[in-house]
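Below: one structure, written as structure tokens.
The values are calculated or read from the model by the stated rules, or taken from the named source; none is laboratory data. On a predicted model such as this, the values are computed, not experimentally measured, just so you know. Please note: Cβ atoms are built from the backbone with ideal geometry, for glycine as well, and neighbour counts cover all protein chains shown. The area values use the complete protein model at the heavy-atom level, side chains included, leaving out ligands, DNA and RNA. Shrake-Rupley method; radii C 1.70, N 1.55, O 1.52, S 1.80 Å.
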Amino acid sequence: MIAIFQDFETQSNVDLPTAGSLRYVLDPSTRALLWSWGLNDDLIKLWCPDLSADLAPEAWAYVKSRMAAIGDCPAEVVEALKQPDAYIIGWNEAFDFKVWRQVVVPDHGWPDIRLEQSLDAMSQGLASNLPGTLDGAGRMLGLGNKTLGGKAIMKRFADRAEPLPGARAVIDAAPDRAKAVAEAIAAWELYLDYSVQDTDLLRAVWKTTRPLDGGEWAEYWVSERINDRGMMADLDVCRGAAAYREEEAAHVVEQIKAITDGAIAGPTFTAQINKWLYERLPDDLAELMVKDRDDEGYATRLTGDKNVMTRLLEEIESSDTPPDDK
């Protein structure tokens with residue numbers, strides 16, 4: 001088996017958690033800004049698009065010096081993908097798979113890949129009872145912690161509305177060019193190091209956890225296809241269920257008003273419910289609902305939370321004096 005461990009870093013005007021991964025990768029503003037990869041046990045390498053027009057010459061010179069490939073898909077990866085036993089492996093690979101197919105294939109002419117060529121290190125980790133975060137899985141396995149400040153620098157680079165560190169316009173407008181360049185290079189250094197560390201850590205977690213078998217990966221691929229395509233739904237049944245819910249909700253309100261002679265307007269009026277119930281309980285049970293009293297001893301705050309209601313039901317069941325239902 002040829003393993004291509006990978007991690008994309010992207011930049012967009014779209015907020016990923018809000019939009020979801022599919023809308024995110026399909027947005028025209030989304031671009032792949034960095035890719036770290038490692039073939040089997042080889043050193044982790046870096047790729048980025050040509051940013052020479054975006055960055056000041058000094059900043060681009062540093063970034064370029066860290067790259068093993070720029071623009072085109074690395075030749076060793078292209079060759080590896082021609083083999084029938086080559087697999088792309090990422091942490092939450094579903095996202096990186098979408099970036100590959102929807103961003104770098106059309107933008108940079110990378111070779112297309114099939115879902116069945118992708119494996120998810122996170123899924124394998126979860127099957128071994130590890131946390132769902134790469135950092136958490138690494139800590140639990142004693143593989144180390146991520147670099148401090150890494151998450152913040154990733155967020156900084158991910159917003160396309162903000163100029164990249166070392167952007168030409170920013171550097172040219174800086175009162176102290178040398179200082180601005182040094183700060184930009186420091187930001188890029190942390191960004192690149194963090195990406196390499198991520199891919200190295202996911203590879204370590206992958207190699208430490210129980211390998212999933214062919215049947216388990218088949219289930220993973222089916223699950224991802226369902227996530228991408230959705231599932232068939234009977235819209236008539238859905239509309240009927242929604243109508244039934246409205247009818248049932250109206251019926252519940254009517255019943256509550258009838259039982260309480262209109263004292264409670266509905267099931268969401270908790271203050272009315274608490275007051276109505278408190279006034280009908282024996283003193284010893286009513287006391288369970290009191291959260292606060294004024295100086296004269298009158299109850300000013302009542303609670304009907306789950307714990308109190310559970311205790312009330314237990315007390316009522318065992319009490320010789322049932323509550324007044326009038």
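Explain nothing, just the number: relative contact order of the range 1-158, from Cα pairs under 8 Å at least 6 residues apart, as a whole percent. If you can, show how the numbers build up before the last one.
On the way: 214 pairs, mean separation 36.9, N = 158.
Relative contact order of the range 1-158: 23 percent.
Protein-only accessible surface at a 1.4 angstrom probe places the residues Asp261, Asp15 in the order Asp261, Asp15, largest first. Taking one quarter of the surface of the convex hull spanned by the alpha-carbon atoms of the range 155-309 gives a direction-averaged projected area of 23.3 nm². Computed over the Cα atoms of the range 30-167, the ratio of the radius of gyration to the Kirkwood radius (Rg/Rh) comes to 0.97.
State the Cα centre-to-centre distance between the range 267-283 and the range 3-57 in whole Å. One Cα centre to the other: 57 Å.
In whole percent, how big is the carbon plus sulfur part of the accessible area of the range 58-213, probe 1.4 Å, protein atoms only? List each step's numbers first, then the result.
Details: 3950 of 7440 Å².
Ligands and nucleic acids excluded, carbon and sulfur reach 53 percent.
In a simple Cβ point-charge model (Lys, Arg +1; Asp, Glu -1; nothing else charged), the range 83-151 has a dipole of about 300 debye relative to its Cα centre. Peptides 241-251, 271-281, 213-223, 184-194, ordered by how many other C-beta atoms sit within 10 Å of their residues on average, highest first, read 184-194, 271-281, 213-223, 241-251. Taking max minus min of the alpha-carbon positions on each principal axis, the range 100-242 gives extents of 65, 43, 37 Å, largest first. Along the range 239-255 the Karplus relation, 6.51 cos²θ - 1.76 cosθ + 1.60 evaluated at θ = phi - 60°, assigns HN-Hα couplings of 5, x, 5, 5, 5, 4, 4, 5, 5, 5, 5, 5, 5, 4, 4, 4, 5 Hz to successive residues, with x for each Gly and Pro. Accessible area per residue was computed with a 1.4 Å probe on protein heavy atoms; Met1 scores about 120 Å².
In Å², what does the accessible area per residue of the range 201-326 work out to with a 1.4 Å probe? Provide the component values of the computation, followed by the final result.
Working: 9330 Å² over 126 residues.
Ligands and nucleic acids excluded, the figure is 74 Å² per residue.
Out of the DSSP beta bridges found with both residues in the chain, what percent are antiparallel (nearest 5)? In the chain, DSSP labels about 60 percent of beta bridges as antiparallel. Only Cα pairs under 8 Å and 6+ residues apart enter the sum, and on that basis the relative contact order of the chain stands at 16 percent. Remark: the range 19-109 carries 42 Å² of accessible area per residue (probe radius 1.4 Å; ligands, DNA and RNA excluded).
Relative to the dominant Cα principal axis of the chain, helix 306-318 is inclined by about 30°. Along its principal axes, the chain has C-alpha extents of 83, 57, 43 angstrom, given from the largest down. Restricting the trypsin sites (Lys or Arg not before Pro) of the range 57-139 to loop positions (DSSP other than H, G, I, E, B) with no more than 12 neighbouring Cβ atoms within 10 Å leaves Lys82, Arg114.
With a 1.4 Å probe and all protein chains left in place, how much of the accessible area of the range 229-293 comes from carbon and sulfur atoms, in whole percent? Don't jump to the answer; show the numbers that get you there.
Numbers: 2800 of 4880 Å².
Roughly 57 percent, rounded to a whole number.
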